[in-house]
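Below is one structure; the comments refer to it alone.
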Amino acid sequence: MTKDDCIFCRIAKGDIPSGTIYEDDDFRVIFDRGPATKGHALILPKNHVANIYEIDEATLSKAFTLAKKMATRMTEVLGCDGFNIVQNNNEAAGQTVFHFHIHLIPRYKDDDAKVGWKVHDITDEEIEKLVALFK
Ligand code: 5GP
Ligand code: ZN
């Protein structure tokens, strides 16, 4: 299923040319148009789903298995020193294109990419309260 007004549906289907480095029946892997580092790529499922809440488990498993394969291959080809796998869901988490995607971000020693978060303090009591929410 595709969504007519979704840019990643159009790219994944091949209607809009993109720098494709891998394709199979379920996914297309393209280079990001606003890369964090050299080689920053995106895994796009061909079927439209907005985010991790909507994607079925079988497709998600395939997507992350593909992420491992791509990270391995891209590390060989690009000679990067590390790798971030990033996957944003909803605006609050930084998602800007609402078609599920996995960022493949090669990292190089001393690159200027900012992938991270501010570290806060937490007490043992606060952790216990969080744990209790899951009981
Ligand atoms: P998000 O912020 O939703 O996790 O990531 C969306 C990503 O898609 C961004 O890194 C942005 O640079 C990339 N992007 C947005 N539009 C296009 C496009 O038309 N083509 C490609 N290749 N990447 C895009
Ligand atoms: Zn879509």
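The values are calculated or read from the model by the stated rules, or taken from the named source; none is laboratory data. Quick caveat: nothing in here was measured; it's all calculated off a predicted structure. In this analysis, Cβ positions are derived from the backbone assuming ideal geometry, glycine residues included, and neighbour counts consider all displayed protein chains. The accessibility values were calculated without ligands, DNA or RNA, using every heavy atom of the protein model including side chains. Shrake-Rupley method; radii C 1.70, N 1.55, O 1.52, S 1.80 Å.
Whenever you get a sec, compute what percent of the accessible area on the chain sits on carbon and sulfur atoms (1.4 Å probe).
53
Which order do Lys13, Lys109, Lys129 take when ranked by solvent-accessible area (1.4 Å probe, heavy atoms of all protein chains), largest first?
On the way: Lys13 105, Lys109 155, Lys129 135 Å².
Order by accessible area, largest first: Lys109, Lys129, Lys13.
Once amide H atoms are placed 1.01 Å from N in the peptide plane, what residues at a sequence separation of 5 or more from Arg107, or on another chain, have their amide H within under 5 Å of its amide H?
Asp81, Gly82, Phe83, Asn84
Want the number for Met1 to Asn89: 0.36 nm per residue separation, take away the alpha-carbon distance, what's left?
Using 0.36 nm per residue and subtracting the Cα-Cα distance, I get 29.7 nm.
Just how far, in whole angstrom, is segment 1-58 from segment 68-135 if you go by their alpha carbon centroids?
18
What order do you get for 91-97, 113-119, 54-60 when each peptide is scored by the mean count of other beta carbon atoms within 10 Å, highest first?
On the way: 91-97: 10.6, 113-119: 7.9, 54-60: 12.4.
The densest-packed peptide leads the list: 54-60, 91-97, 113-119.
Order Ser61, Ser18, most accessible first, counting only protein heavy atoms with a 1.4 angstrom probe.
Ranked list, largest accessible area first: Ser61, Ser18.
Once the other residues with Cβ under 10 Å from the Cβ of Arg28 are scored (Lys, Arg +1; Asp, Glu -1), what is the net sum? Each step should come with its number before you reach the end.
Working: positive: Lys13, Lys46; negative: Glu23, Asp24, Asp26.
Taking every other residue near Arg28 into account, the sum is -1.
Using the structure shown, list the pairs from Lys69/Lys118; Lys114/Lys135; Lys38/Lys118; Lys62/Lys109 with a Cα-Cα distance above 32 Å, or answer none.
Correct reply: Lys114/Lys135.
For Tyr53, Tyr22, give me the order by solvent-accessible area with a 1.4 Å probe, most accessible first, ignoring ligands, DNA and RNA.
Heavy-atom accessible area, descending, gives Tyr53, Tyr22.
Using alpha carbons only, how many degrees (0 to 90, rounded to 10) separate the axis of helix 124-133 from the longest principal axis of the chain?
Result, in degrees: 60.
To the nearest 0.05, what FRET efficiency results for Ala113 and Lys135 with a Förster distance of 25 Å applied to their C-beta separation?
Values: r = 38 Å, r/R0 = 1.53.
The pair Ala113/Lys135 has a calculated efficiency of 0.05.
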